[in-house]
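J.: Following this message is one structure expressed as structure tokens.
The values are calculated or read from the model by the stated rules, or taken from the named source; none is laboratory data. All values derive from a computational prediction rather than experimental measurement. Cβ: placed from backbone, ideal geometry, glycine included. Neighbour counts: every protein chain shown. The area values use the complete protein model at the heavy-atom level, side chains included, leaving out ligands, DNA and RNA. Shrake-Rupley method; radii C 1.70, N 1.55, O 1.52, S 1.80 Å.
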Amino acid sequence: MREITSAEVLRWLGNAEESGMEPRIQEAISLLQRNISPKHVYRFFPLSANGTSFTVEDAVFTGSGLSRNLKGCTKIAMMACTLGPEPDRLIRRAQVSSLFDTAVLQAVCTAMIEAYCDEVNQMIIRDAAEEQLFCRPRYSPGYGDLALESQREFFRILNITKTTGISLTEGCLMVPTKSVTAFVGLSPTDRNCILSGCEECGMQDTCMYSRTEKPI
């Protein structure tokens, strides 16, 4: 996994001021680098779309936002990534003694799982290129109007628990918590898409975590 920068961590801390935080951030990065155990899985599937619904294998997923994202796609990639269980334990331990350390660990973990997702996304891009296909931005269950409950079919199709160790609660939350699932549309037309969603998101101008510049 690539090196995580303090600027990334500060963004996930709500663009907090950097003054005096660099040593704590670097300490948290070093601690987590020693304790993560990244795992992932992804597969390509034929895609059948109908209005705001699309079918992968025998599962039907519904969401107008993702359907727009997938317009013109002939295949879809489904991916799952995790940092493993140890970050959750470190965060729980920090919660007992320091809310500040907890926030820093949470922010570092978020930056790390995003970086790992980008890394896996690059693998998908390379594999897609071999089929002369181009990737759309990744899109996760629970985002927009794509129901979080679609995780159940997502987990079944990719056999995620067996391949990565991620489990799903009855409320469709993932354990370990530093885990991500996402769809990536695959199109024969290159739309010069970015890896992930800040630049595509309708809240980029107001979201405190956005990496895009805000209007003045």
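J.: If you take the residues of segment 146-187 that are small (Gly, Ala, Ser) and open to solvent by 30 Å² or more (accessible area, probe 1.4 Å), which of them is farthest from ASN69 (Cα to Cα)? Explain how you work it out, then say what you get.
T.: Of segment 146-187, the ones small (Gly, Ala, Ser) are 147, 150, 165, 167, 171, 179, 182, 185, 187.
Next cut, open to solvent by 30 Å² or more (accessible area, probe 1.4 Å) only: 147, 165, 167, 171.
Numbers: ALA147: 16, GLY165: 29, SER167: 27, GLY171: 26 Å.
For segment 146-187, the residue satisfying everything is GLY165.
J.: So, in segment 132-142, exactly how many residues are more than 17 Å from TYR42 (Cβ to Cβ) and either open to solvent by less than 50 Å² (accessible area, probe 1.4 Å) or in contact with a strand residue (DSSP E or B) (Cβ under 9 Å, 6 or more places away or on another chain) (or both)? Give the derivation first.
T.: Residues of segment 132-142 more than 17 Å from TYR42 (Cβ to Cβ): 132, 142.
If we keep only those that are either open to solvent by less than 50 Å² (accessible area, probe 1.4 Å) or in contact with a strand residue (DSSP E or B) (Cβ under 9 Å, 6 or more places away or on another chain) (or both) too, we end up with 142.
Residues flagged as more than 17 Å from TYR42 (Cβ to Cβ) and either open to solvent by less than 50 Å² (accessible area, probe 1.4 Å) or in contact with a strand residue (DSSP E or B) (Cβ under 9 Å, 6 or more places away or on another chain) (or both) within segment 132-142 amount to 1.
J.: Those residues that are touching a Pro at 6+ places or on another chain (Cβ under 8 Å) and charged (D, E, K, R), I need them from segment 87-103; list them, please.
T.: Here is the first cut: in segment 87-103, the residues touching a Pro at 6+ places or on another chain (Cβ under 8 Å) are 87-88.
ASP88, the sole residue that qualifies.
J.: May I pose another question? Can you list residue pairs whose Cβ atoms sit under 6 Å apart, with the first residue in segment 123-147 being of a type in the set (Phe, Trp, Tyr) and the second being open to solvent by less than 30 Å² (accessible area, probe 1.4 Å)? Count only pairs 6 or more apart in sequence or on different chains.
T.: PHE134/SER187; TYR139/LEU66; TYR139/ASN69; TYR139/PHE183
J.: Can you name the residue in segment 14-29 that is at pLDDT 90 or above and open to solvent by less than 50 Å² (accessible area, probe 1.4 Å) and is also nearest to GLU131 (Cα to Cα) among such residues?
T.: This residue is ILE29.
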